[in-house]
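Only one structure is covered here, and it is reproduced in the block below.
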Amino acid sequence: MPVQCVAYGCGKTCADNVSLHTFPKDPDDFRKWEKQVQRTRSQWFASASSHLCSDHFGREYFKQRIRNGVSLRPGAMPTIFIRPPCSYCEGKGCSYCLQLPPSHQRTTPGDTNDYLGSTVDEDDRPAICERCGTKGNINTFFSRTKRFCSTSCSRSYSSNSKKSSLLARLQVRRRSRHTGQLCMLSQIRTLQSGFDWGAYLDKETSLAASVSCFRHAPLCVQWDDIAVGMKLEVANTNAVLPSKVYWIVSVIQLAGYKALLRYEGFEHDSSHDFWCSLATGDLNSIGWCAMSSKLLVPPQDVQLKIPDWKEYLMKKLVGAHTLPVDFYIKLAESSKCNFKPGMRVEVVDPRHISRTRVAVVDQVIGGRLRLLYEDLSDAPPNTVVDFWCHMRSPLLHPIGWSSRVGHAVKETLSRRGHYNGSPLNFRRPRTVFMEGGFFEVGMKMEAIDPLNLGNICVATIHKILLDGYLMVGIDGAEPVNDADHFCYHASSHAILPTGFCEKNNIPLTVPRGYDPDTFVWEDYLQEKQAVCAPARLFNTDYFGHGFSPNMKLEAVDLIEPRLVCVATVRRYVGRLLLIHFDGWEDEFDQWVDHQSADIYPVGWCELSGYSLQAPPSPGGPGKTGVGNNIQIRCAVFVLIFCVIAFICL
């Protein structure tokens, strides 16, 4: 006799073009599968020879096809079953077949209890355990509400289903870890914006850059699995029941980590659409409610008359995609940071930007580090003592880097409790091959001005360091404390060959005394008796990106690097992006590389617990909590910090 599927109403064999799967050998998983089948076959018990066919598993539980059929992933759970028709309502849907607890049932005339008639004895009413699905009489059930068949089911349900599936446990574990992180971060936030990305995107009718465009963002590699049209389970806020219930939604639009969702049943009605973050743990894959004993209840405002919700959902879910099983595991893994408070690093000196100084990691928020300079005893009053940057920033160097490459450094004594960070934690620049010639002192080029990140200026190489690092200065700039040279790596995309601006129709900022309309590189080189750096020495690698003009994102204000602001991609030229801060003048625009760690997807601040600066209101005071930014931007010591924006990119 061929092996058959043991699920109610199925009985399929291999001849029905399905794959059959034996019950797990693990006793706990074996019991979970048995419980799932017992939801529709209450008097049935599994054996070692029991099988379930592939029709009862979601697509996310299958691995790629192998020679003998399909293989289930570890932790797979059957969730798709046909429920037997209720003997009271004949399949129309009443409080018994929908598994509503007695506390949620109404006894007024005209309600669902009318399906039962008047001959049903109150003590002989059938009941279904909300934890395991066991059927019985209500007078034999446990607790005052008669919702569970035993004390074990009651305790398990009240403790958030400790024996739930692997997926449910992993999601709860990830959410609790993230919740603890947010509680810690809330104590160190200095600014509160309350910015609503959803309403802003609807108002601006703009698209947002995909998460896959940001190589340093969490879930960047896995984001290709997220697409418009995928199905999810989320809390139903359009229900009349007093307890928390859920319903299935479709992804209508993606904007970074944010998704525009629509409840199933509303079809083309967008009046109840809402935005939600895909990475905060509020969304679940299809089947989560079944494994977690949660109720699926349709929204009350659905205008479409649907006689059979089960049949309707089956048509919608067949062939649909949902969140990967390991989605939240990958989120936790990709959000790890190897930098810890107390770790010592080398970073630019606030007094002399041509040298570095030792700093200590004070706080870590979503991979962004707040650094405190270890010794500022020689600094003048009102000198900024902290600096923010990303953990993958090329500005960070291990202790001893400056001495190794020949960069000037301010020596300080290490304090007790601080330790040097491992060199493996720092970003390594691209290897530079010096065969066939290299940059030389006095060579001319074009470079992004660190003191005005929206300008590309005429620049000169003043010193060659080891490991491919260069000291570059802007021609015509007035020295600041005799330290107006900036450290770049030879592979940095902030240094450009001569003629780059003319070729790409970008205004070139020329030295003082020269007219930008009549400036010619050949004449300038002849006047200065200099040569331009050969174009072959510059990093021209460019494999494309997903950014386009008018895309929204979140970007660091490199003039005040503690601020992350709402921004727009104004234009792009190869690898370079011109970032415009919404609500601010064009003079504050900044050029950044498309792989810069200072730009983030929409929703990154919400995910990481970092404060997002909303665009200033027309005629308003400016960015929250910083007063008049135009005056602050003109301050010398604040301007000094902008140099680190493009050092060693």
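The values are calculated or read from the model by the stated rules, or taken from the named source; none is laboratory data. Here the structure is a predicted model, which means the values were calculated and not measured. With ideal geometry, Cβ positions are generated from the backbone for all residues, glycine too; neighbour counts draw on all protein chains shown.
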Flag for Val318 being surrounded by 14 or more Cβ atoms within 10 Å (Cβ to Cβ), hydrophobic (A, V, I, L, M, F, W, C) and either within 29 Å of the chain's Cα centre (by Cα) or in the same structural domain as Met230 (by TED's automatic domain parsing) (or both): no
Residue satisfying all of: in segment 435-462; free of Cβ contacts under 8 Å to residues at least 24 places away in the same chain and under 15 Å from His489 (Cα atoms); farthest from the chain's Cα centre (by Cα) among these: Val441
Selection within segment 223-259 - acidic (Asp, Glu) and surrounded by 18 or more Cβ atoms within 10 Å (Cβ to Cβ): Glu233
Boolean, Ser402 is in a helix (DSSP H, G or I) and surrounded by 14 or more Cβ atoms within 10 Å (Cβ to Cβ): yes
Contacts under 7 angstrom Cβ, first residue in segment 217-241 being closer than 24 Å to Ser270 by Cβ, partner loosely packed, with under 15 Cβ neighbours inside 10 Å and polar (S, T, N, Q), 6 or more apart: Asn238/Gln300; Ala239/Gln300; Val240/Gln300
Val573 vs. criteria closer than 29 Å to Leu371 by Cα and not assigned by TED's automatic domain parsing to the domain that holds Ala199: no
Residue tally, condition in a loop (DSSP other than H, G, I, E, B) and either without any contact (Cβ under 8 Å) to a residue 24 or more places away in the chain or not hydroxyl-bearing (Ser, Thr, Tyr) (or both), over segment 321-357: 17
Segment 588-615 - residue that is touching a helix residue (DSSP H, G or I) at 6+ places or on another chain (Cβ under 9 Å) and either among the charged types (D, E, K, R) or free of Cβ contacts under 8 Å to residues at least 40 places away in the same chain (or both) and, of those, nearest to Ala567 (Cα to Cα): Asp598
